[in-house]
Amino acid sequence: MTRQSRTSPASSERSLHQAYDTALLDLDGVVYAGGEAIAYAVESLAAARSDGMHLAYVTNNALRTPDAVAEHLGELGIPTEAGEVITSAQAVARLIAEQVAPGSKVLVIGGEGLRVALRERGLVPVDSAEEEGLAAVVQGYGGPDLAWGRFAEASYAINRGVPWYASNTDLTIPGARGIAPGNGAAVEVVRIATGAEPQVAGKPLPPMHRETVLRTGAKRPLVVGDRLDTDIEGAFNGEVDSLLVLTGVTDAKQLVRAEPRHRPTYVDRDLRGLLTGQPEVAADGAGFRCGGWTAVARDGVLELRGEDADPVDGLRALCAAAWTAAGDGVCGLDAEKALARLGL
């Protein structure tokens, strides 16, 4: 697919929760981290919902069932129905069901979320590579206590030619104590042992976007996420707008250096950005101005002028200068001093 490269964060006179009918919200790093609500998430989502925006929670984490996720969100003060939760486990289960016979046995390397999703599609989850008539292997995040032997079990089956599927390939997952290995790291273990490549369903790939649209019926969705390589790229692939929040994996330096498919439509500090418009980033001579900041690309360096202004406006201006200079590539300009001024 060919799409025009974004060279600047977009503006919006209307608040985002009024401009879009449905927010497709990532969970880890956006709504909560390590099981605890991220600052301003609960009240921001409540305000968006009360003003008519539909909320759906779209997660690559295949460990928990939609019921469990909805219960957890309710405990955090975000009333949620299970039908409002879409997981990569559901997306990969649909993908498998389209390629194997009804009632087929599937070796599960992961948690309960995968098992429930497979049963929903009429498939039979099993635990051993020695099961007679095994039709597929599926791998999803199983939590920090997933036994190493499960990877061996997957490898035995895959090395015999059993088709391999993965819910997602996120290399990391945010938690209360920091960034931890995600399902993508576990997938790499099995890839090394087998030399095989799995079919992957989760963000940023089309099966996850299809699952989300089928389950939400969104007409004008806004993807809200913290990861460039899953949430934002998934929005790009699905040709829908996106909001990156700076509460999870992606930092300001990564955003400035984003390649075209990883450039979000909007950028904000946290979920309060749903309830506001987005300021204009305007060309200003040789640079780009947003709020009280002006960013300029000069002599291999990104310079930032301004003070006592919202640092996120400064980041938006820097993104415009960097993305314009990079075009369809990755910005190689030195942005260290400029980013240091923002403290993001």
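Given a 1.4 Å probe and heavy atoms of the protein chains only, how would you sort ASP284, ASP145, ASP268, ASP67, largest accessible area at the top?
Ranked from most to least accessible, the order is ASP145, ASP67, ASP284, ASP268.
Determine the calculated [θ] at 222 nm for the chain from helices alone, applying -39500 (n - 2.57) to every DSSP H run no shorter than 4 residues and normalising by the residue count; nearest 500 deg cm²/dmol.
Theoretical 222 nm ellipticity from helices: -9500 deg cm²/dmol.
Taking only Cα atoms of segment 1-131, what ratio of Rg to Rh do you get with Rh as the Kirkwood inverse-distance radius?
On the Cα set of segment 1-131, Rg over Rh gives 1.07.
What accessible area per residue comes out for segment 219-322, rounded to a whole number of Å², with a 1.4 Å probe?
Here the residues of segment 219-322 average 37 Å² of exposed surface.
Can you send over the solvent-accessible area of VAL330, 1.4 Å probe, protein chains only, in Å² to the nearest 10?
80 Å²
Can you tell me the order of 207-214, 296-303 when each peptide is scored by its average per-residue count of other Cβ atoms within 10 angstrom, highest first?
Put in order of decreasing packing, that is 207-214, 296-303.
Post the alpha-carbon centroid distance, segment 81-111 to segment 273-332, in whole angstrom.
Segment 81-111 and segment 273-332 have Cα centres spaced 42 Å from each other.
Charges only on Cβ, +1 for Lys and Arg, -1 for Asp and Glu: so what's the dipole of the chain about the Cα centre, in debye to the nearest 20?
580 debye
Defining a contact as two alpha carbons under 8 Å apart and six or more residues distant in sequence, what relative contact order in percent does segment 40-179 show?
Answer for segment 40-179 is 23 percent.
Which value in nm describes the separation of the simple spin-label points at ARG210 and ALA147, placed 7 Å from the Cα toward the beta carbon?
Going from the ARG210 label point to the ALA147 one covers 3.5 nm.
Quick one: accessible area per residue over segment 124-191, 1.4 Å probe, rounded to a whole number of Å²?
46 Å²
Could you provide, to the nearest whole Å², the per residue accessible area of segment 1-74 with probe 1.4 Å?
42 Å²
Between ASP127 and GLU36, take the C-beta separation as r, use R0 = 41 Å, and let me know the FRET efficiency to the nearest 0.05.
For ASP127 and GLU36, the calculated efficiency is 0.80.
In the chain, carbon and sulfur make up what percent of the accessible area (probe 1.4 Å)?
C and S fraction of accessible area: 49 percent.
As I understand it, the value is the acute angle between the Cα axis of helix 183-194 and the longest principal axis of the Cα atoms of the chain; what does it come to in degrees, rounded to 10?
With rounding to tens, the tilt is 50 degrees.
For segment 239-344, place one equal point scatterer on every Cα, skip the solvent, and apply the Debye formula. What is log10 of I(q)/I(0) at q = 0.21, 0.22 Å⁻¹?
Summing over Cα pairs of segment 239-344 leads to -1.14, -1.26.
The values are calculated or read from the model by the stated rules, or taken from the named source; none is laboratory data. Quick caveat, the model's predicted, so the values are computed rather than measured. Glycine gets a Cβ as well: all are built from the backbone with ideal geometry, and neighbour counts include every protein chain shown. Only protein heavy atoms, including side chains, enter the accessible area calculation; ligands, DNA and RNA are left aside. Shrake-Rupley method; radii C 1.70, N 1.55, O 1.52, S 1.80 Å.
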